[in-house]
Amino acid sequence: MGERTPNIVHAFWESGDTGLVLLSTNWLSTTMRPPLLLGPLNQPFAKLDRLSPAECGRYCRYYRHKNSWIFTIHSGRHPELLDRQRRVFLAGAFNQWGDAAGQSDWELKPASEAAETRYELKVPLNRLPCDKKFAFKFITGSGDWLDVPDSAPNRVSEGGVANFLFNPEQSGQHIFRFKTPDGYEPVGNEKIVWRDDVAEEVHELPHTQFLTAAKTDLELGAIVRGSETTFRLFAPRASGVKVFFGQKADQSDALTESLSVRDGVVWELSVPKNLDGYFYSFRVEGKSIEGTSHFDPSFTVLDPYAKACVGRWGPGIVVGPERLRVIKKPFNPPPWHDLVILEGHLRDLAAHAPVEMSADERLGYTGLRKWLRAEGSYLKEIGVNAIELQPIQEFDNPSREDYHWGYMTVNYFSPESSYALEPERASQIEEFRGLVEDFHEEGIAVILDVVYNHVGEPNHLLFIDKFYYFHLDEANDLVNWSGCGNDLRCDTPMGRRLILDSLRHLVETYDVDGFRFDLAELIGIEVLREIEIELKKIKPSLILIAEPWSFRGHIQKELRETGFASWNDGYRDGIADYVCGRGSQDTVRHFMAASPGTTRFAAQTINYTESHDDHCWLDRITERPKRDGDDPTLLDRRRTHLMASMLLASLGVPMLSAGQDFLRSKRGLSNTYQRGDINALDYNRRFVYSGTHGYFRDWIRFRRSPEGKALRLDGGLSESYLKFFFAEGSSAAVVVFNADRSIDAPKLVYAINPHLEYAAIECAEVQPKSLLQIADQERFRPEGLGAAQIPLDATRIYLPPLSCGLWLAGGPADT
């Protein structure tokens, strides 16, 4: 006799008093309900309603409607579909799998014009083998397979390949929504019970609504105190945790010990020995419950609190307290309004640096330290006072030599091991600390790009507790608003603590001066506020910057009431259009005035025209075909100078991308996150385009000088601080800074004409005898331009095509 098929295949809570039960076959009766009870007291439900076939399709990705099968997905779970540029197709053995891509008969169509919408395909019954089960999947027109989440109730896996399972006995009449009995208070041990004349089944009902409140105040990780080492791991639903520790990085000599539950959620083991320098990892056992957990006792888990590790798979390294000393005299970064930031990638900066160093040194911290200290170092001569480094927390590059931007973090405490000369000795600790110290000796603050919205691969937190650490949808699939496969649940007590503890560690142990939070919208305003409060207790001058968007939304306006500055993507796009003659007067009014409406004080906007992501500045505006600005035209160069003058004259905090000042190109490529060959800076371009490089340097030097103080407004903007004048019917503009003399600094007059024709601008502030022109579109001389000055008379400034100018105002006529 064959084994009986269970009646219940899936069950989970939706809220405090409702949930879903998925049956193994359709329930066809319209008058009788399935014999389901709420255990352990076996109480009848207050309500038990069948979902509609379309609602069932959300979970199983198919359902039956009359004489057709409807296959369906939702673009909200697949951010790559939100731009509506990709076509999606149904694939299976019935249409030769990958061959289905491009075949219109198998294409799913969007149900509406909205970015987030259902995609559906209606297939007549006779086109599929509907008398038996079969596997299926979805593929894009470019041949990319859409993922099959492990929480899908009909997920099957064979040979490491996951698919959806089509079952003709589950056609959309097999899912029920229950409501608990009136007055019932869930306590966490609920079960779904099937009881009929043939059998009784008991099915666990995950108590995840209680799980996310779990927390501990115990110190976590590998803790060395004297002659004792304690291992602690927060794993609230684990049934067992083992630690493997030994003196070899491959763990071939590892001892295995089981941890014990300390407070119901933390597992602990104390070893009567100082294990400083030992390697360790965890294995976590537990029950896989309805897609909300992902336990695998064979998987090697890297401790999320490891202070150093060998690589993305681990193992972690036990580090004694002597090497993790707190910085006693921290560096004090410049005030926000005085900042000029350079964004760069550690390897891009060091790869072609014209100083002697080994190939290994060029891969990491030591190479960048040598370049920074060298005579003629670009990092010093550019004149910035803050460096924003792309991520240096341990990320998921497969090997030491592999280049990666670093936005796929696997451990938040360890500096990236592949940048270290001796990662197995945890040398990344001293090497990174030394790099920060060297920047500080040059008067340069260190800001780190950090990624707390998602994690990389392998996803170690997934194997500790999927539901606790990650946002899931109604079907317990990983939510993907980051576009990277998962979204970290930052609002749980231990999710918040992991973020805060690791940030504190970077500030206290390495003297980091600030952070830029990737896709901060996914972290959330409340968590960002807590970060601000807690970190400024340690370092009141800390620089906090948010990338205020994600695929889900934008929070720049909400950030106004916080102590965070925001990356201003509108500035990037608006200025590119403006210098190409496509902007407006409003472009100048808004972006040169620190984007009023989205900021509470001027330094709350990070103005930039290029970052690591997307096309670089030159490729964005070049006349060359295919957006390849490697050989820029004269017009490309002139527009770059106009942009530089606007960027460094605008109120707010200017940020440059490394190499932007010597006309760096990415050869028309936009996403170069694994292209170290393209991203590495070619410092020879400083000599080829020395005029542009020098123009940026001169503007930076002036902005930071006492004479440039009017460009560095400290605080909010009064209505009369700026005055704007425009050429009639044109976006050519004159902007007067400190027009009301409200600060103790020289008044400045800035003018720009991005068009191919002359512009005469009426300007009441023009007093020729009191204006000293110190810059135009090619030159910057603080003592004044001796010749070829922009013409002006008592009421007008006459701007040549594609020109700009800057004047210091002073003298009797201006008082």
Taking every Cα atom in the range 89-237, find the radius of gyration and the maximum pairwise distance Dmax, and write them in Å.
-> 23.2, 74
Cα-projected label distance for residue 68 with residue 525, points at 7 Å along beta-carbon direction, nm = 4.3
Note, ³J(HN,Hα) from phi for the range 665-681, Karplus 6.51, -1.76, 1.60, rounded to Hz, x at Gly and Pro | 10, 9, 6, x, 7, 9, 9, 10, 5, 10, 10, x, 5, 7, 7, 4, 6
So which lysines pass the test for residue 248, namely a Cα distance under 26 Å, with those fewer than 8 places away in the same chain ruled out?
-> 273, 307
HN-Hα J in Hz across the range 487-497 - Karplus 6.51, -1.76, 1.60, θ = phi - 60°, x for Gly and Pro | 10, 5, 7, 7, 9, 6, x, 8, x, 4, 5
Treat every Asp and Glu Cβ in the range 9-128 as -1 and every Lys and Arg Cβ as +1, leave all other atoms uncharged, and give the resulting dipole magnitude about the Cα centre to the nearest 20 debye.
-> 320
Could you work out how far apart the two model spin labels at residue 120 and residue 557 are, taking each label as a point 7 Å from the Cα in the direction of the beta carbon, and quote it in nm?
-> 3.4
How much length is gained if the chain between residue 457 and residue 437 is pulled fully straight, taking 0.36 nm per residue apart and subtracting their Cα-Cα distance, in nm to one decimal?
-> 4.1 nm
Regression test value, accessible area per residue of the chain, probe 1.4 Å, units Å², expected 39
Expressed in angstrom and ordered largest first, the alpha-carbon extents of the range 228-284 along the principal axes are 31, 21, 13
Going by accessible area, probe 1.4 Å, with all protein chains left in place, what is the ranking of 358, 657, 104, largest first?
-> 104, 358, 657
Could I have the simple spin-label model distance between residue 105 and residue 430, label points 7 Å from Cα toward Cβ, reported in nm to one decimal?
-> 6.9
Which value, in Å² and to the nearest 10, is the accessible area of residue 723 when all protein chains are kept and the probe is 1.4 Å?
-> 80
The chain: spread of alpha-carbon positions along the three principal axes, whole Å, largest first, is 103, 70, 51
Which Cα, out of 32, 98, 142, lies furthest along the positive dipole direction of the range 1-158 (beta carbon charges, K/R +1, D/E -1)?
-> 32
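Rounded, prolate or oblate: which fits the range 486-571, taking a ≥ b ≥ c as square roots of the Cα gyration tensor eigenvalues, rounded meaning a/c under 1.5, else prolate when a/b beats b/c?
Numbers: a/c = 1.88, a/b = 1.28, b/c = 1.47.
Oblate shape, in that a/c is at least 1.5 and b/c is the bigger or equal ratio.
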Pulled fully out, how much extra length does the chain show between residue 585 and residue 85, if you take 0.36 nm times their separation in residues and subtract their Cα-Cα distance?
-> 176.7 nm
Can you put 161, 446 in order of accessible area, largest first, using a 1.4 Å probe?
-> 161, 446
Apply 1/(1 + (r/R0)^6) to the Cβ-Cβ distance of residue 200 and residue 270, taking R0 = 35 Å, and write down the FRET efficiency to the nearest 0.05.
-> 0.20
Measure of compaction for the range 27-170 (Cα Rg per 2.2 N^0.38 Å) | 1.17
With every protein chain in place, what's the accessible area of residue 497 (1.4 Å probe, Å², nearest 10)?
-> 50
Just the accessible area for residue 69, please: 1.4 Å probe, Å², rounded to the nearest 10?
-> 10
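Once R0 is set to 51 Å, what does the formula 1/(1 + (r/R0)^6) return for the Cβ-Cβ distance between residue 778 and residue 133, expressed as a FRET efficiency to the nearest 0.05? Show your work: numbers first, answer last.
Working: r = 73 Å, r/R0 = 1.42.
The computed FRET efficiency comes out at 0.10.
I need to check one value: relative contact order of the chain, counting alpha carbon pairs closer than 8 Å and at least 6 residues apart, in percent. Kindly include the intermediate steps, with their values, before the conclusion.
Numbers: 1830 pairs, mean separation 68.9, N = 815.
Result for the chain is 8 percent.
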Taking amide H positions as placed in the peptide plane 1.01 Å from N, state which residues far from residue 166 in sequence (5 or more) or on other chains have amide H under 5 Å from it.
-> 134, 135, 136
Relative contact order for the range 4-150: what is it in percent, counting Cα pairs under 8 Å that are at least 6 residues apart?
-> 18
Rounded to whole angstrom, the alpha-carbon centroid of the range 668-737 lies from that of the range 739-798 at a distance of 17
Between the alpha carbon centres of the range 13-91 and the range 360-383 the gap in Å comes to 58
Residue-wise, which Karplus ³J(HN,Hα) couplings in Hz belong to the range 165-171, taking 6.51 cos²θ - 1.76 cosθ + 1.60, θ = phi - 60°, and x for glycine or proline?
-> 9, 8, 10, x, 8, 10, 10
Using a Förster distance of 51 Å, the FRET efficiency for residue 327-residue 54 (Cβ separation, nearest 0.05) = 0.30
Compare the Cα positions of 336, 580, 152 along the charge dipole of the chain (+1 at Cβ of Lys, Arg; -1 at Cβ of Asp, Glu; about the Cα centre) and return the one farthest towards the positive end.
-> 580
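About the Cα centre of the chain, how large is the charge dipole given +1 on each Lys and Arg Cβ and -1 on each Asp and Glu Cβ? Please answer in debye to the nearest 20. Intermediate values should be presented prior to the final figure.
On the way: 92 positive and 115 negative charges, 142 e Å.
The calculated dipole for the chain is roughly 680 debye.
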For residue 298 and residue 789 in the same chain, what is the full-extension length gain: residue separation times 0.36 nm, less their Cα-Cα distance, in nm?
-> 169.4 nm
Cross-link reach list, lysines versus residue 709, counting only Cα pairs under 17 Å and skipping chain neighbours closer than eight places = 723, 747
Straight distance only, please: which lysines reach the Cα of residue 537 with their own Cα at less than 19 Å, same-chain residues fewer than 8 apart left out?
-> 328, 329
Show that you can apply the helix-only estimate: for the chain, add -39,500 (n - 2.57) for every DSSP H stretch of four or more residues, divide by all residues, and state [θ] at 222 nm to the nearest 500.
-> -5000 deg cm²/dmol
Once you wrap a convex hull around the alpha carbon atoms of the range 349-409, what is its projected area averaged over all directions, in nm²?
-> 4.5
Residue farthest toward the positive end of the dipole of the range 686-740, with Cβ of Lys/Arg at +1 and Asp/Glu at -1: which of 725, 688, 737?
-> 688
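Heavy atoms only, 1.4 Å probe, whole protein assembly: order 225, 675, 572 by accessible area, highest first.
Numbers: 225 145, 675 90, 572 40 Å².
The most accessible residue leads, giving 225, 675, 572.
Please check the chain for the longest run free of GluC sites (Glu not before Pro) that are loop-located per DSSP (anything but H, G, I, E, B) and have at most 10 other Cβ atoms within 10 Å.
Values: sites that count: 3, 113, 356, 375, 719, 728, 783.
Answer - 376-718.
In percent, what relative contact order does the range 392-464 have, based on Cα pairs under 8 Å that are 6 or more apart in sequence? Intermediate results must be reported in sequence, preceding the final value.
Values: 86 pairs, mean separation 24.6, N = 73.
It comes to 34 percent, rounded to a whole number.
The values are calculated or read from the model by the stated rules, or taken from the named source; none is laboratory data. Owing to the predicted nature of the structure, the values given are computational and were not obtained by experimental measurement. In this analysis, Cβ positions are derived from the backbone assuming ideal geometry, glycine residues included, and neighbour counts consider all displayed protein chains. What goes into the accessible areas is simple: the full protein's heavy atoms, side chains included, and nothing from ligands, DNA or RNA. Shrake-Rupley method; radii C 1.70, N 1.55, O 1.52, S 1.80 Å.
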